[in-house]
Amino acid sequence: MIFVNYKAYEEGSGQKAVALTRILEEVAHLSQVKIVPVVQVIDAESIVSSTSLEVWIQHVDPVSFGPHTGWTLPEEAARIGVAGVFLNHSEHKFDNFDALYTANKKAFEANLKTLIFAGDLEELKKICELAPTFVAYEPPELVGSTTISVAQAKPEVISEASEVAKTKGIPLVVGAGIHSRDDIKKSLELGAVGVAVATDIVKAVDPAKELLDLTEGFK
């Protein structure tokens, strides 16, 4: 599976986000690889209504209905048809572990799937205790790289991360700099079930061509 994080890129915002999602859906159909758009919450409802793909958002907060100006509620994300959520991405870390615990718990209570990011093995071990739907290993120093991927730079850590996740029965996703079919093939060989990508697809001149190339890594 491939999670495509639209971040807050212009190419992944508004009507461009809807158009990009159509491309993801076409490639998913052609390749028979599960592809998940991970979109800005402000675009989520229009994207959910325009695609048959499972749509995720990039963050929810550890709150429910109440006086929480500017926060994102898990219940409201679920209400508009969002299927899952990223938590603790390196670009949107939680201030403390208790907040992350609560966000994950409230997401589950709202019937949202969760993918929680870890930047190193020690953090991954703690996150596995929360029993999210997926865990992700993504070294922050490689996030956004278009030349060096986690599969190239830290294959041995992917292998170790896979063992950590496996002991808890949680599927592992890897990310940071993923930009080729070889990156995906290597990540899967080392024990991951999928990858998280962003820049390589969202800012590509030809996202369909780039994404089709990535799906070749699953063959």
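Checking the structure you have, find out if any residue of the range 135-151 is modelled with pLDDT of 95 or more and either in a helix (DSSP H, G or I) or not hydrophobic (A, V, I, L, M, F, W, C) (or both).
Scanning the range 135-151 turns up no residue that is modelled with pLDDT of 95 or more and either in a helix (DSSP H, G or I) or not hydrophobic (A, V, I, L, M, F, W, C) (or both).
I'm trying to understand the selection: among the residues of the range 19-38, which are within 22 Å of Lys113 (Cα to Cα) and among the aliphatic types (A, V, I, L, M)?
Within the range 19-38, Leu24, Ala28, Val33, Ile35, Val36, Val38 meet the criteria.
Which ones in the range 112-132 are within 24 Å of Ala77 (Cβ to Cβ) and either assigned to a helix (DSSP H, G or I) or of a type in the set (Phe, Trp, Tyr) (or both)?
Matches in the range 112-132: Phe117, Ile127, Cys128.
Can you name the number of the only condition in (1) in contact (Cβ under 8 Å) with a residue 60 or more places away in the chain; (2) part of a helix (DSSP H, G or I) that Leu188 fails?
Unmet for Leu188, out of (1) in contact (Cβ under 8 Å) with a residue 60 or more places away in the chain; (2) part of a helix (DSSP H, G or I): (1).
For the range 197-212, which residues satisfy the criterion of being surrounded by 16 or more Cβ atoms within 10 Å (Cβ to Cβ) and part of a helix (DSSP H, G or I)?
Thr199, Asp200, Ile201, Val202, Pro207, Ala208, Glu210, Leu211, Leu212
Could you list all residues from the range 60-97 that are buried (at least 19 other Cβ atoms within 10 Å of the Cβ) and either part of a helix (DSSP H, G or I) or at positive phi (or both)?
Result: Pro74, Ala77, Asn88.
Quick check: is even one residue across the range 108-127 modelled with pLDDT under 95, among the acidic types (Asp, Glu) and under 25 Å from Leu214 (Cα atoms)?
yes
Go through the range 161-182 and count every residue that is crowded, with 18+ Cβ neighbours inside 10 Å and either in a loop (DSSP other than H, G, I, E, B) or hydrophobic (A, V, I, L, M, F, W, C) (or both).
Step one: filter the range 161-182 for residues crowded, with 18+ Cβ neighbours inside 10 Å, giving 161-162, 164-165, 170-180.
In the following step, the residues that additionally are either in a loop (DSSP other than H, G, I, E, B) or hydrophobic (A, V, I, L, M, F, W, C) (or both) were identified as 161, 164-165, 170-174, 176-180.
Residues that pass the stated criteria total 13.
Yes or no: His29 under 30 Å from Asp183 (Cα atoms) and either assigned to a helix (DSSP H, G or I) or in contact with a Cys (Cβ under 9 Å, 6 or more places away or on another chain) (or both)? Walk me through it before giving the result.
Working: under 30 Å from Asp183 (Cα atoms): yes; either assigned to a helix (DSSP H, G or I) or in contact with a Cys (Cβ under 9 Å, 6 or more places away or on another chain) (or both): yes.
Against the criterion (under 30 Å from Asp183 (Cα atoms) and either assigned to a helix (DSSP H, G or I) or in contact with a Cys (Cβ under 9 Å, 6 or more places away or on another chain) (or both)), His29 qualifies.
Output the residue which, of all residues in the range 1-50 that are of a type in the set (Lys, Arg) and surrounded by fewer than 17 Cβ atoms within 10 Å (Cβ to Cβ), is nearest to the chain's Cα centre (by Cα). I'd like the intermediate steps shown before the answer.
Keep residues of the range 1-50 that are of a type in the set (Lys, Arg), which gives 7, 16, 22, 34.
So of that shortlist, the ones also surrounded by fewer than 17 Cβ atoms within 10 Å (Cβ to Cβ) come out as 16, 22, 34.
Details: Lys16: 19, Arg22: 18, Lys34: 12 Å.
Here the answer is Lys34.
For Leu100, indicate whether it is touching a residue at least 60 places away in the same chain (Cβ under 8 Å) and in a helix (DSSP H, G or I).
No, not satisfied.
Is it fair to say Ser90 is in contact with a strand residue (DSSP E or B) (Cβ under 9 Å, 6 or more places away or on another chain) and modelled with pLDDT under 95?
On the way: in contact with a strand residue (DSSP E or B) (Cβ under 9 Å, 6 or more places away or on another chain): yes; modelled with pLDDT under 95: yes.
Answer is yes for this residue.
Give the residue, chosen from Ala44, Ala8, Ala28, that is farther than 23 Å from Tyr101 by Cα, in contact (Cβ under 8 Å) with a residue 12 or more places away in the chain and touching a helix residue (DSSP H, G or I) at 6+ places or on another chain (Cβ under 8 Å). It would help to see each step written out before you state the result.
Working: Ala8 fails: touching a helix residue (DSSP H, G or I) at 6+ places or on another chain (Cβ under 8 Å); Ala28 fails: touching a helix residue (DSSP H, G or I) at 6+ places or on another chain (Cβ under 8 Å).
Step by step, each of Ala44, Ala8, Ala28 is checked, and only Ala44 is farther than 23 Å from Tyr101 by Cα, in contact (Cβ under 8 Å) with a residue 12 or more places away in the chain and touching a helix residue (DSSP H, G or I) at 6+ places or on another chain (Cβ under 8 Å).
The values are calculated or read from the model by the stated rules, or taken from the named source; none is laboratory data. Computed from a prediction, not measured in an experiment: that's the story for all the values here. Cβ sites come from the backbone with ideal geometry, for glycine too, and all protein chains shown count toward neighbours.
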